[in-house]
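All remarks here apply to the structure that follows.
The values are calculated or read from the model by the stated rules, or taken from the named source; none is laboratory data. Note that the coordinates shown come from a computational prediction; the quantities given were computed from them, not determined experimentally. Methodologically, a virtual Cβ is constructed for each residue, glycine included, from the backbone with ideal geometry; neighbour enumeration extends over all protein chains shown.
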Amino acid sequence: MFFVWILLLSLYGLRTEAYQTLNNCEEAKTNGIYTIATVDVYCENGWLVIQRRTSGTLAFHRNWNDYVQGFGSLSGDHWLGLDNINRLTQSNDYQLRIDMTDQTGSSSYAKYSLFKVGGVATKYDLDLGSFSGTAGDSLTPQSSIPGLNWDYTKLNLKGSKFSTKDSDNDGSSTINCAKKWTGGWWFNDCFAANLNGDYNTIGFSWFSGGQYNNLATSTMAIRNDVDGGWTSWGPWGPCSLTCRGGYTVKSRTCTNPKPAGDGKNCPGYNLVSDSCNIKEC
Ligand SMILES: [Ca+2]
């Protein structure tokens with residue numbers, strides 16, 4: 001009987017903590033840890049956090065296996081892991097939002113309308129959609145960057161493979177970017193923005209305003225592409241989401257007869273619906 005109790009106590013101790021399972025972070029009523037697509041993640045204000053740095057305490061200059069598996073604490077500073085990020089972003093369409101503060105205390109953000117990470121066979125290569133935000137597009141620069149004397153096409157990280165100090169898959173034939181810039185990242189030759197290098201170095205910086213700005217904090221978070229691309233349609237009403245005939249159909253309604261910005265014009269009246277995205281459901 002004694003041994004049975006010992007066995008039961010041991011099993012209880014080995015039980016891993018189970019979190020509430022959600023379809024996405026938008027379903028989370030409070031910020032915290034949830035399970036999505038079998039991955040334990042931290043949900044914050046409807047977004048799924050894949051990287052967070054608030055101090056230099058957690059080391060980011062790590063080897064390949066650490067970056068594949070993830071490290072740190074989900075509720076604190078962490079890297080979610082390439083296998084997890086791959087599983088999530090292959091299961092659904094996600095957009096990426098990066099929030100950062102530099103060492104002068106200035107805050108900015110960068111959003112990409114699509115964020116998808118490949119599998120181990122393609123070295124977790126990166127696909128990114130179009131940029132919006134206040135930080136400047138330093139992940140996929142579309143033209144030369146003022147103040148940076150380097151071919152911008154060699155700094156575009158779209159399509160780049162992931163590299164670490166012990167796995168050089170970057171776009172430079174002369175150096176190991178991860179080793180030189182002290183962290184695992186999707187390097188080309190090498191970068192205009194890197195969020196995983198050593199604290200207090202260019203390895204943890206975002207190029208804008210003519211210089212590499214060393215960062216103090218960063219958060220990379222992803223969100224289902226349910227409302228992808230809608231923000232630029234400001235004058236239009238909110239999307240509705242219905243499932244008909246095996247397809248999810250989003251439609252929008254114009255509530256302003258003369259929308260500003262790049263919203264579509266309403267043809268002479270103030271209510272019109274328009275299918276804007278269709279995908280299987
Ligand atoms: Ca190299």
Restricting to the range 168-190, what's the tally of residues that are away from the ligand (no atom under 12 Å from the Cβ) and in contact (Cβ under 8 Å) with a residue 40 or more places away in the chain? 4
Criterion first (surrounded by 17 or more Cβ atoms within 10 Å (Cβ to Cβ), among the hydroxyl-bearing types (S, T, Y) and either in the same structural domain as G210 (by TED's automatic domain parsing) or not in a strand (DSSP E or B) (or both)) does T104 satisfy it? no
Return yes or no: is S73 at negative phi, small (G, A, S) and surrounded by 14 or more Cβ atoms within 10 Å (Cβ to Cβ)? no
Output the number of the condition that S132 fails; it satisfies all remaining conditions of (1) among the polar types (S, T, N, Q); (2) buried (at least 22 other Cβ atoms within 10 Å of the Cβ); (3) away from the ligand (no atom under 16 Å from the Cβ). (2)
Counted residues, the range 137-148 - those being under 16 Å from N213 (Cα atoms) and at pLDDT below 95: 4
With criteria (1) surrounded by fewer than 21 Cβ atoms within 10 Å (Cβ to Cβ); (2) within 11 Å of the ligand (Cβ to nearest atom); (3) part of a helix (DSSP H, G or I), T153 comes up short on (2)
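For the range 36-59, give me the residue count where each residue is touching a residue at least 24 places away in the same chain (Cβ under 8 Å), out of contact with any strand residue (DSSP E or B) (no Cβ under 7 Å at 6 or more places or on another chain) and not in a strand (DSSP E or B).
4
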